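Each remark here refers to the structure printed beneath this line.
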């Protein structure tokens, strides 16, 4: 029989959430709403109160105010039973003793540990990356540093044509900065959408004066006196720049859990449908969790970076901790805003899907339905909120469109299915 | 006082809406069950579905077309369904009454 330390016994109901982003906060709130009987502690490594991440690449970048949009007010946290500890980084997990250690040297016990630490902007690995004037954009500190550098900046190069790079490019154009987007893949947004939507966003950015260079690698970031002056492309072209933004994805913050022998690797922590890791009493949620995904092309495990996914994971863990059975998963959804155009996605478009356009991308509002084995696997809607709304139930049900004509006719609404219970 | 009432499981929760832009924010700040406000008020998530029970005189916030579309994704929509993020907190909001889904 294992001897149980009385201190350990007392922490059985204590939930420790590491990471105070969207996923961590959503879980803390869900536990409070469910009247969780133990203490809920939320530890975040940023010094400020938990805030909304999506505005960082949008209005906080081009607008008059760069003040973070808090997820909950200071008064909320004062009132809340959640113990919020900001500015503390968890550096080690001891799954035997059920404790974590912070960089400041304090030890915190847990009954359940929920790893919601998100990730950091990926480095591009290019010579010159360390120069002043080179920025990533993942957290509010990054935003503050970038905005400070934009004062007086005339030219910018964005390395990476994904959501972050393109939203940053749009914000910089709004500020009147000349922007070049360099993407190594043959098209923009190649990882997240099909060729039709990629083509639309390429044309949109070009129409706004952005120099879009797809299929182009970067050889080096150039500098003088410690400050970036431009980039040199793979074909030896030099692009002068006052500011360089690197938007080449994120790396999950998982080293402490991997070191504690949770199944996973630098690419993510492996979890099951209820976000349980291979360690007892330890869950992983949000951007850092790799989970079998029924909406992915082959149903394989993957990480999903989105606010919606963070909320779904939080809800799943709140239910698991309360001993409730899991709910059916909802298809992933994403949104992006560029120059006032709204892209809303449900499902995970795959490169081999058949694309059916509803409306002409060259003329404005349109959607693209993605068919996989004849079923609706995903849909991208650009300023067509009704398509986006109806597609959620259709993708969830893996709807088989009986008449391709309806799908391709923008004037004919998608059918309305009764939403599944959530 | 901009007092609004959220009916939760048949019980009135009377809240002061002062300082908030809309009723989704009021609900989120007060841990009202079922109201998540996941998209921050962009009408992309449908997680702030409420049933409007009564509006004070002079309170004018009709349903928009985008809101109608999003209300299709919520569970058990009725004629009274609204997205709380589309119900602004203004001078005439005091006395508004709504019910959250259970």
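Inside the stretch A:19-64, can you point out the residues that are in a strand (DSSP E or B) and either surrounded by fewer than 19 Cβ atoms within 10 Å (Cβ to Cβ) or more than 14 Å from chain B (Cβ to nearest Cβ) (or both)? Talk me through it step by step, then tell me what you get.
Here is the first cut: in the stretch A:19-64, the residues in a strand (DSSP E or B) are A:40-43, A:51.
Matches in the stretch A:19-64: A:41, A:42, A:43.
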Of the numbered conditions (1) under 27 Å from residue A:391 (Cα atoms); (2) in contact with a helix residue (DSSP H, G or I) (Cβ under 9 Å, 6 or more places away or on another chain), residue A:272 fails exactly one; give the number of that condition. (2)
Can you confirm whether residue B:53 is surrounded by fewer than 20 Cβ atoms within 10 Å (Cβ to Cβ) and in contact with a strand residue (DSSP E or B) (Cβ under 6 Å, 6 or more places away or on another chain)? yes
Name every residue in the stretch A:361-387 that is touching a helix residue (DSSP H, G or I) at 6+ places or on another chain (Cβ under 8 Å) and either closer than 28 Å to residue A:60 by Cβ or touching a residue at least 60 places away in the same chain (Cβ under 8 Å) (or both), in order of residue number. A:361, A:362, A:366, A:368, A:377, A:378, A:380, A:381, A:382, A:385
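Can you tell me which residue among A:415, A:402 is surrounded by fewer than 16 Cβ atoms within 10 Å (Cβ to Cβ) and either within 14 Å of chain B (Cβ to nearest Cβ) or modelled with pLDDT of 95 or more (or both)?
Values: A:402 fails: either within 14 Å of chain B (Cβ to nearest Cβ) or modelled with pLDDT of 95 or more (or both).
Going through A:415, A:402 in turn, just one is surrounded by fewer than 16 Cβ atoms within 10 Å (Cβ to Cβ) and either within 14 Å of chain B (Cβ to nearest Cβ) or modelled with pLDDT of 95 or more (or both): A:415.
Tell me, please, whether a residue that is over 21 Å from residue A:203 (Cα atoms) and either without any contact (Cβ under 8 Å) to a residue 40 or more places away in the chain or in contact with a helix residue (DSSP H, G or I) (Cβ under 7 Å, 6 or more places away or on another chain) (or both) can be found in the stretch A:348-360. Working first, answer last.
Within the stretch A:348-360, the subset over 21 Å from residue A:203 (Cα atoms) is A:348, A:350, A:352-354.
Now drop any that are not either without any contact (Cβ under 8 Å) to a residue 40 or more places away in the chain or in contact with a helix residue (DSSP H, G or I) (Cβ under 7 Å, 6 or more places away or on another chain) (or both), which leaves A:354.
Looking for residues that are over 21 Å from residue A:203 (Cα atoms) and either without any contact (Cβ under 8 Å) to a residue 40 or more places away in the chain or in contact with a helix residue (DSSP H, G or I) (Cβ under 7 Å, 6 or more places away or on another chain) (or both), one finds at least one in the stretch A:348-360, hence yes.
Give the residue, chosen from A:91, A:67, A:108, that is surrounded by fewer than 19 Cβ atoms within 10 Å (Cβ to Cβ) and assigned to a strand (DSSP E or B).
Details: A:67 fails: assigned to a strand (DSSP E or B); A:108 fails: surrounded by fewer than 19 Cβ atoms within 10 Å (Cβ to Cβ).
The unique qualifying residue is A:91.
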Limited to the stretch B:30-47, what total is found for residues that are under 18 Å from residue A:32 (Cα atoms) and either more than 8 Å from chain A (Cβ to nearest Cβ) or part of a helix (DSSP H, G or I) (or both)? 5
It is to be established whether one or more residues within the stretch B:77-87 are over 26 Å from residue A:82 (Cβ atoms), surrounded by fewer than 22 Cβ atoms within 10 Å (Cβ to Cβ), within 11 Å of another protein chain (Cβ to nearest Cβ) and touching a residue at least 12 places away in the same chain (Cβ under 8 Å). yes
Take the conditions in a loop (DSSP other than H, G, I, E, B), surrounded by 17 or more Cβ atoms within 10 Å (Cβ to Cβ) and modelled with pLDDT of 95 or more and apply them to residue A:130. Does it pass? no
Restricting the search to the stretch A:70-81, which residues are out of contact with any strand residue (DSSP E or B) (no Cβ under 8 Å at 6 or more places or on another chain) and either part of a loop (DSSP other than H, G, I, E, B) or surrounded by 16 or more Cβ atoms within 10 Å (Cβ to Cβ) (or both)? A:72, A:73, A:76, A:80
Kindly establish whether residue B:27 is touching a residue at least 24 places away in the same chain (Cβ under 8 Å), outside any loop (DSSP other than H, G, I, E, B) and either under 20 Å from residue A:22 (Cα atoms) or more than 12 Å from chain A (Cβ to nearest Cβ) (or both). yes
Strands (runs of 3 or more DSSP E) wholly inside the stretch A:260-338 containing at least 2 residues that are under 25 Å from residue A:379 (Cβ atoms): A:289-292, A:333-338
Give me a count of the residues in the stretch A:224-259 that are in a strand (DSSP E or B) and within 19 Å of the chain's Cα centre (by Cα). 5
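Would you mind stating whether residue A:356 is closer than 26 Å to residue A:293 by Cβ, part of a strand (DSSP E or B) and more than 10 Å from chain B (Cβ to nearest Cβ)?
In short, yes.
The values are calculated or read from the model by the stated rules, or taken from the named source; none is laboratory data. Bear in mind that the values here come from a model prediction, so they are computed numbers and not experimental data. Methodologically, a virtual Cβ is constructed for each residue, glycine included, from the backbone with ideal geometry; neighbour enumeration extends over all protein chains shown.
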